[in-house]
Amino acid sequence: MATHKSVETKYMEERGRFYTGLRNLDRRSFLKVSAAALGATAGLAPPCSFMPVTVAQAAEAESKPAFRFAYISDSHLYEKNVNDRFVRGLLRAVDDVNQLDPQPDFVFYGGDLAQLGAATQLDLGAQILKNVKAPLHVMVGEHDWYLDLGEKWQELFGKPTYSFDHKGVHFVVLNSVVEKDFWTERKMSPLDRMKTVAGLDNGVQSSFTVGEPQRNWLKEDLAKLADDAQVVIFSHSPLYKLYKNWNFWTDDAEEVQAILNRFKHVVVIHGHTHQLLTNRIGNIHFHGLLSTAWPGPTPRKACRN
C-alpha cells in the first residue's frame, strides 16, 4: 500500500510539472517537461516510441555515404486537459530522438499528429515537434485533415505532397488519405465529417486514395530519375491493400505501384496501422511502423471475418 501511494504521489507531482512546462515549450522548458514525462510513464510507455531507420546505398553504389533518419508517427493528440498520455508519448519520442548519438540526418513525422484535426491539437503538436534537433519533415494523416480539409495543417507545415533528395536517395511524400466527398450530400458538419473519418469501420466514408492529380505529379517528379535510382516513398496509409473495413487500404495502390515498377528497388514507409508490418510486392518493399499513441491490432487477430 505504501509503495502504491508513493507512486501515485510521484505521478501527480510530475503531472503538475508537466503542465507548467507545457505552457511555454521553448527548448529549455521542453527538456524539463520531457524528463518529467519519462519519469511519470516509466514502465507504461511502449518499448519503442520512434523507429530509427538506417539507409545504406545498394552494393553498386557503395561509394555514396550511408545515413540515418528517425521516424515518429501517429500521436493522435487531444488538448492537454483532455488526454495528456498521448502528449507524453510524443514528448518521449522527441526526447528519445534528441538523445540519439550520432544524431539522425533528419526526422520524419508520419501523420495523425492530431486526433480530431482541431487547431489547438495541431498547434500543440507543432509546439512539441519544433524541439526536434535534427531537420524535420512532416506528412499528413486523415486525423489531421478532415475537420477543415487541411487548412490548419497546411498553415503549419506547408503542402502535403512534396519530394526532396538526401545523399543520393530521392524521397517522396504523398497524401494517401484522399477521400471522395461523402459529406456534402449527407449535410454533415465539419466535426461530423472528421468523426466519421476517424471512425474507420463505419461503412460511411470512402476508401483512401492517392488520386489522379497526385499520381500525375508523381510521374513528373520521378521522370528525371534513372531506373537504378534509390527511391523512398512516405505515405500515411499503406500503398497496398491490407484490410478495407479499417481503411488499412489505398484504393489506387496498384496504380501507384505501376508508376514505381521501373525502379530496381523502392522502399515505401507508412504509418496509420500502429504496428510493425513488412510486405513486398515485386520491386517494392513496404514497412509499417509504430505509433506513439497506442499499438494497433492486426485485422486477423481482431476480426473473425
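The values are calculated or read from the model by the stated rules, or taken from the named source; none is laboratory data. Everything numeric in this text was worked out from a predicted model, so none of it was measured. Methodologically, a virtual Cβ is constructed for each residue, glycine included, from the backbone with ideal geometry; neighbour enumeration extends over all protein chains shown. Remember, those area values only see protein heavy atoms, side chains included, never the ligands or the DNA or RNA. Shrake-Rupley method; radii C 1.70, N 1.55, O 1.52, S 1.80 Å.
What is the percent of Cα-Cα separations in region 153-277 that go past 18 Å?
56 percent
Distance between Cα centroids, region 99-138 to region 217-288: provide it in whole Å.
Here the two parts' Cα centres lie 22 Å apart.
Treating only the Cβ atoms of Lys and Arg (+1) and Asp and Glu (-1) as charged, compute the dipole magnitude of region 151-305 about its Cα centre; round to the nearest 20 debye.
520 debye
Compute the FRET efficiency between GLN99 and GLN154 as 1/(1 + (r/R0)^6), taking r as their Cβ-Cβ distance and R0 = 22 Å, and round to the nearest 0.05.
0.10
Hey, can you find the accessible area per residue of region 73-125 for me, probe 1.4 Å, expressed in square angstrom?
30 Å²
Taking K and R as +1 and D and E as -1, what net charge do the other residues with C-beta under 11 Å from the C-beta of LEU156 add up to?
Here the charged neighbours net out to -2.
For region 137-196, give the percent of accessible area contributed by carbon and sulfur heavy atoms, probe 1.4 Å, rounded to a whole number.
Roughly 50 percent, rounded to a whole number.
Exactly which chymotrypsin sites (Phe, Trp or Tyr not before Pro) in region 160-231 are in a DSSP loop and have at most 16 other Cβ atoms within 10 Å?
Filter output for region 160-231: PHE182.
Quick one: Karplus J couplings for region 159-164, per residue in order, coefficients 6.51, -1.76, 1.60, θ = phi - 60°, nearest Hz, x for Gly and Pro?
5, x, 10, 6, 9, 7
Based only on Cα atoms, what mean projected area does the convex hull of region 59-196 have, in nm²?
For region 59-196, averaging the hull's shadow over all directions gives 9.8 nm².
Answer with one residue from GLN214, PHE234, VAL204: the one whose Cα lies farthest towards the positive end of the charge dipole of region 203-245, charges on Cβ with Lys, Arg +1 and Asp, Glu -1.
VAL204
Per residue, how large is the accessible surface of region 217-305? Use a 1.4 angstrom probe and give square angstrom.
48 Å²
Please report, for the Cα atoms of region 156-221, the Rg to one decimal and the Dmax as a whole number; what are they, in angstrom?
15.4, 49
Which loop trypsin sites (Lys or Arg not before Pro) in region 196-305, with loop taken from DSSP, have no more than 11 other Cβ atoms within 10 angstrom of their Cβ?
Answer by residue number: LYS224, ARG304.
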